[in-house]
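S.K.: I'd like to ask some things about the structure below.
The values are calculated or read from the model by the stated rules, or taken from the named source; none is laboratory data. Only a predicted model underlies this, so the values are computations on that prediction, with no experimental measurement involved. Note that each Cβ is placed from the backbone with ideal geometry, even for glycine, and that neighbours are counted across all protein chains shown. Side chains included, ligands, DNA and RNA excluded: accessible areas come from the protein's heavy atoms. Shrake-Rupley method; radii C 1.70, N 1.55, O 1.52, S 1.80 Å.
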Amino acid sequence: MFKDIKDIIDSSKKIAITYHVSPDGDALGSALALLQGIRIYGKEAYVISKDIIGDNLGFLPYSSEITGEITKPVEKTDCVIVVDCGNYERISADLESFKGNIINIDHHLSNDRYGNINFINVKAAATAEIIYEFLLSLNVEINNDIATCIYTALMTDTGSYRYSNTTKVTHYIAGDLIESGLNHEEIHKKVFDNKSYEKLKLIGLVLNKMELVCNSKIALMQVTEEMIEESKVNIKDSSDIISMGNQIKGIEGSVLLKESDIGIKVSLRSKNDLDVRKIAESLGGGGHTKASGALIKDKTIKEAKEIIVRLLEKELI
C-alpha cells in the first residue's frame, strides 16, 4: 500500500498535509514529520489547518508555518494527505471543492475510509509509527527535526508509553530515535512541564468543580467560558486536565466538557475497561477505546452533561 501512496506523491507537484480539528501531539507530530520528509524527497509541501498550535507543542520544528490562515488547498495542489483523522467531518481543512487525490493515513479503528487511498493500521500505537515507516520506505533520512516530531507524537499518544496501545514496535521506534541522538528528556519537559501560570489557575478552577458521577465511577469536569475569563487563558489542549481525573483511586474513566463557539467539546478517557470510543461515536465523534472525543451542538453544558451521564450509565451496566 505504501507503493500506491508513493505513486501519487511521485505524480504530484504540490502536496498539502492536514489532520483532525484540535490537533494533538500525534496529529501535529505526524503532519510535521511528513512535511519535512516530503520536502527532503523533493516535492513541494505545505500544511492546511483551521487550527493553531497549543503552546506546549509550539517547539516542534516547522510548527511556525501553521498559522491557521491556510484553511483550504491552494492553487495547483495535486494531493491532500490527511493524517490521524478518522472522520471526514473532523478534518481541519475545507476540502469540499478539492478535486485532487485525498490520501487518508490513520490508526483509528473507527476510520470512515474517506480517501481515494486509505492506509489504516489499527495496530499502530500512533499515526506517527506509520509515518516513520513510510519515510523510511522513501529512503528519507530521519534527521533530528523529523525525529523530534515523531517521538513527540509517540509519547503523547501513548501517555508516555504507559497506555495499552504501546507495543514493542513503539518502543523500537522510540529507541531508534533516541539512539540517533534525540534529546527525549528535553521533549518531555517541553510537552508536560511547560504550563503557564494562567493554565494552572484554570486547572485549579476545573478541579474545584469536579464531580464524581455514575456511582462515583466517572470523574466529570467542565471548562466554562466563565472559568476561561477568570483565569485569562484560552485553552487549546485539555489532555493534561482530563488525565487528572483518572488519577482518582477506584475510577473507571473521566470526562471533560468544554464550552466553545461551535458547541460543547467532549473529551473522554478510560482508565480500565470502559470503551469510551462507543460513546464518542454515538455522538458523531470517534477515537480510541481509551481516549476519544466528540462535539455536542446546540446544547448547554448542563444539557451536554446529562446526555453524557446517561450514555455512561448504560455503558457501565
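S.K.: Quick one: what are the phi-derived ³J(HN,Hα) couplings along region 177-183, Karplus 6.51/-1.76/1.60 with θ = phi - 60°, whole Hz, x for glycine and proline?
M.R.: 5, 5, 4, 6, x, 5, 8
S.K.: Shifting gears a bit: Can you pull the three principal axis extents for the Cα set of region 22-144, in Å, largest first?
M.R.: Principal-axis extents of region 22-144 (Cα, largest first): 36, 31, 30 Å.
S.K.: So what's the angle, to the nearest 10 degrees on a 0 to 90 scale, between helix 2-11 and the longest Cα principal axis of the chain?
M.R.: The helix 2-11 is inclined about 60 degrees to the chain.
S.K.: Let me ask you something else. Determine the sum of side-chain charges near ALA291: Lys and Arg each +1, Asp and Glu each -1, restricted to other residues whose C-beta is under 12 angstrom from that of ALA291.
M.R.: It works out to a net charge of 0.
S.K.: State the three equivalent ellipsoid semi-axes of the chain, derived from the C-alpha gyration tensor as the square roots of 5 times its eigenvalues, in descending order and whole Å.
M.R.: Each semi-axis is √(5λ); the values are 32, 21, 19 Å.
S.K.: Return one number: the angle in degrees, 0 to 90 and rounded to the nearest 10, between the long axis of the Cα atoms of helix 127-137 and the longest principal axis of the Cα atoms of the chain.
M.R.: The angle comes out near 10 degrees.
S.K.: With a 1.4 Å probe and all protein chains kept in place, how much accessible area does HIS171 have, in Å² rounded to the nearest 10?
M.R.: 100 Å²
S.K.: So, with a 1.4 angstrom probe, what is the percent of accessible area on region 134-236 that is carbon and sulfur?
M.R.: In region 134-236, the share of accessible area belonging to carbon and sulfur is 46 percent.
S.K.: On to the next question. Relative to the longest principal axis of the C-alpha atoms of the chain, give the angle of the C-alpha long axis of helix 197-208, reported between 0 and 90° and rounded to the nearest 10°.
M.R.: 40 degrees
S.K.: Still on this structure, please answer the following. Order of 84-94, 109-119, 180-190, 124-134 by packing, highest average Cβ count within 10 Å first?
M.R.: Top to bottom by mean Cβ count within 10 Å: 124-134, 84-94, 109-119, 180-190.
S.K.: Now for a different question. In whole Hz and in residue order, list the ³J(HN,Hα) couplings for region 40-49 that follow from phi through the Karplus curve 6.51 cos²θ - 1.76 cosθ + 1.60, θ = phi - 60°; x for Gly and Pro.
M.R.: 4, 5, x, 10, 7, 9, 8, 10, 9, 7
S.K.: Take the eigenvalues of the Cα gyration tensor for region 190-237, scale each by 5, and report the square roots as semi-axes in whole Å, largest first.
M.R.: Output for region 190-237: semi-axes of 22, 14, 8 Å.
S.K.: Let me ask something else. Pop out the ³J(HN,Hα) list for region 279-291 in order, Karplus 6.51 cos²θ - 1.76 cosθ + 1.60 with θ = phi - 60°, rounded to Hz; leave Gly and Pro as x.
M.R.: Rounded to whole hertz, the list is 5, 4, 5, 5, 9, x, x, x, x, 10, 4, 9, 8.
S.K.: Show me the three semi-axes of the equivalent ellipsoid for region 227-317, from the C-alpha gyration tensor (sqrt of 5 times each eigenvalue), largest first, rounded to whole Å.
M.R.: Output for region 227-317: semi-axes of 21, 16, 12 Å.
S.K.: Now for a separate question. For region 96-172, divide the Cα radius of gyration by the Kirkwood radius and give the resulting Rg/Rh value with two decimals.
M.R.: Result: Rg/Rh = 1.01.
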